[in-house]
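Visitor: What follows is a single structure, and I will ask about it in a moment.
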Amino acid sequence: MEQIQAIPVKRLCKIHNTITVNGQFPGPTLEVNNGDTLVINVVNRARYNVTIHWHGIKQIRTAWADGPEFITQCPIRPGGSYTYRFTIQGQEGTLWWHADSSWLRTTVYGALIIYPKEGEFYPFSKPKRETPILLGEWWDANPIDVVRQATRTGAAPNVSDAYTINGQPGDLYRCSSKDTTVVIVDSGETNLLRVINAALNQALFFAVANHKLTVVAADASYVQPFTTSVLMLGPGQTTDVLIDGNQPPGRYYIAVRAYASAQGPFDNTTSTAILEYKDTPCSVQGININSIFPSLPAFNDTSTATTFSTSFRSPRQVDVPTEIDESLFFTVGLGLNNCPRGSSSTSCQGPNETRFTASMNNMSFVLPPNFSILQAHHQGIPGVFSTDFPAVPPVKFDYTGNVSRSLWQPVRGTKVYKLKYGARVQVVLQGTSIVTGENHPIHLHGYDFYIIAEGFGNFNPQTDTAKFNLVDPPTRNTASVPVNGWSIIRFVANNPGVWLMHCHLDVHITWGLSMSFLVENGVSELESLEEPPVDLPVC
């Protein structure tokens, strides 16, 4: 059972009444095996609506358990409960779970570790220890108040006050040193670090002083191992790395700071944890001893981020769809709405008295208020959504160039794109320079996909198809679309339901940077959505 409740949590010298799960921050780690069926009763004892999303779980035929509010379910009201039931099918590795309702996921999140089936093994030597490393973001305020203020004013929300590693900010913040997270290693042993970026709005660089990291998996899919001194994870992404205890016994800093690709303010602080060797001499133990600090890239080091993101390959040849049934082109990025007529300037505090917004293909997504889209689809309720989400941008323009101001205001609506069961889909995710270019972590619910190429500038089908990797592209559930660039994903629509695709920077979801695919049932029962559970929350 997961109980959502408020408890006092002290960080940065101050106590906040913080929404947590089972009184833990971060929430409990779920450890399961590939093939297990999970039954998780979520009881909402908080004062806000809540849902839980099992990030990266494919939810084959069980879209009702996916979690995003008003997409696959109505939220669990205060005092209510809902039981999520789903089976892990053919997945292993590191995923995570989080609230998918407003900004509650600031503190409502935890690791979801899927071990191989009994009798099966990792494709690398079994590490001596395994440690989940959850990277988070902390506001010295109520995060719900932060997003509500931004929605009221139309301005960008206040940036966070700290990053955290396993819930702790670390030695460089006030009142934080004594609780700094310590990760134990032993000389000569290999450990597995399961790194999860659970931050709300920030891509992050991650490094360990004097230690190389061998990447072996990402988003619960194994990769061809490669060695690096720094990771870059967008919110939602996970990366599994092996680390060898091959340095002189001592204490070494693990450090995390922003990769901030957009123009504008960001939280320019650094979170730390400590990698401590078990056989560190007593003379070097204790909080006041100077640990060795890693070198981290500059906050705007796009070339390091790109080198990292383009290093991923599947371990062997994979079955990439080559014949494409649905060739889609989605622009992703920000926008500015002119101040609505009759509004006061206090509600238009974006640049030049505007309100921030965001869109895909000029559609700024609006959540329906009274039904979830999946419920409306399943029950044939009219007027909740329409199926005319555009397959290509309504207007072609120089996406990453100097964009005319007439294209900065998107249209609001609740539109989905319909896919036939089994359709082979390619989506070009094209970043735009409207307001500012930015690295957008685009997450697709209900599916893994192949990232077959990425690049900078505008995607050019005449020349850029030469870059397609149709042999061993990586399998992911969250793609980092490069700043002022593009990524191309492919997948087969073999999971019926309504599946949200969105930017995992939560402020961008708040502004409408999302859309949904409606995947129709196939012919047999095993190709069809299950009936909704009896305890599905009502709006």
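Visitor: Place a +1 charge on the Cβ of each Lys and Arg in the chain and a -1 charge on the Cβ of each Asp and Glu, then give the dipole magnitude about the Cα centre in debye, rounded to the nearest 20.
Guide: Here the chain has a charge dipole of around 1080 debye.
Visitor: Quick one: angle between helix 143-153 and the longest Cα principal axis of the chain, in degrees between 0 and 90, rounded to 10, please.
Guide: The answer is roughly 40 degrees.
Visitor: Quickly estimate the mean residue ellipticity at 222 nm for the chain, helices only: each DSSP H run with n ≥ 4 gives -39500 (n - 2.57), and the total goes over all residues, rounded to 500.
Guide: That comes out to -1500 deg cm²/dmol.
Visitor: Taking the DSSP beta bridges in the chain as the whole, what percent of them are antiparallel, to the nearest 5?
Guide: Values: 100 of 135 bridges.
Bridges in the chain are about 75 percent antiparallel.
Visitor: So for the pair S347, D36, with labels modelled 7 Å out along Cα→Cβ, what separation do we get in nm?
Guide: For the pair S347/D36, the computed spacing is 4.8 nm.
Visitor: For the pair S528/D140, report the inter-label distance in nm, with labels modelled 7 Å from Cα in the Cβ direction.
Guide: Reported label-point gap for S528 and D140 is 5.8 nm.
Visitor: Moving to a separate point now. Pull up the DSSP beta bridges for region 320-465 and report the antiparallel fraction as a percent, rounded to 5.
Guide: Just about 40 percent of them are antiparallel.
Visitor: Moving to a separate point now. Run the numbers on region 1-131 and let me know its relative contact order in percent, using alpha-carbon pairs under 8 Å that are six or more apart.
Guide: Over region 1-131, the number comes to 29 percent.
Visitor: While we're looking at this one, here's another question. Given Cα pairs under 8 Å that are at least 6 residues apart, what percent is the relative contact order of the chain?
Guide: The value is 15 percent.
Visitor: So, for region 172-310, what is the accessible surface per residue at a probe of 1.4 Å, expressed in square angstrom?
Guide: So region 172-310 comes to 37 Å² accessible per residue, rounded to a whole number.
Visitor: Please give me the summed charge of the neighbours of F293: other residues whose Cβ is under 12 Å from its Cβ, Lys and Arg +1, Asp and Glu -1.
Guide: +1
Visitor: In whole percent, and with a 1.4 Å probe on the protein chains, what portion of the accessible area of the chain is carbon and sulfur?
Guide: 48
Visitor: Please compare each pair in K396/K467; K128/K178; K128/K212; K10/K126 to a cut-off of 29 Å on the Cα-Cα distance and tell me which ones are over it.
Guide: Numbers: K396/K467 23 Å; K128/K178 27 Å; K128/K212 17 Å; K10/K126 37 Å.
Pairs exceeding 29 Å: K10/K126.
Visitor: Take the alpha-carbon centre of region 8-66, take the same for region 127-148, and report the distance between them in whole Å.
Guide: The distance from the Cα centre of region 8-66 to that of region 127-148 comes to 13 Å.
Visitor: Testing the spin-label approximation: label points 7 Å from Cα along Cα→Cβ at D472 and E118. State their distance in nm.
Guide: Computed distance between label sites D472 and E118 equals 3.4 nm.
Visitor: Run the paramagnetic zone check for T227: 7 angstrom along Cα to Cβ, then residues of region 240-271 with backbone nitrogen under 19 Å.
Guide: 240-249
Visitor: Counting pairs of alpha carbon atoms under 8 Å apart in space and at least six apart in sequence, what relative contact order in percent does region 173-277 give?
Guide: 36
Visitor: For K278, list the aspartates and glutamates whose Cα falls under 13 Å from its own Cα; do not include residues on the same chain fewer than 8 positions away.
Guide: Output for K278: D186, E189.
Visitor: Explain nothing, just compute: Karplus ³J(HN,Hα) = 6.51 cos²θ - 1.76 cosθ + 1.60, θ = phi - 60°, for every residue of region 53-69 in order, whole Hz, x for Gly and Pro.
Guide: Going residue by residue, I get 10, 9, 5, x, 6, 6, 6, 4, 6, 10, 4, 4, 9, 6, x, x, 5 Hz, with x marking Gly and Pro.
Visitor: Sort by residue number and name the cysteines in the chain that have no neighbouring cysteine Cβ under 4.7 Å.
Guide: Flagged as lacking a Cys partner: C282, C503.
The values are calculated or read from the model by the stated rules, or taken from the named source; none is laboratory data. Please read all numbers here as calculations on a predicted model, not as lab measurements. Positions of Cβ are generated from backbone atoms using ideal geometry, with glycine treated the same way; all protein chains shown enter the neighbour counts. In case anyone asks, the SASA skips ligands and DNA or RNA and just uses the protein heavy atoms, side chains included. Shrake-Rupley method; radii C 1.70, N 1.55, O 1.52, S 1.80 Å.
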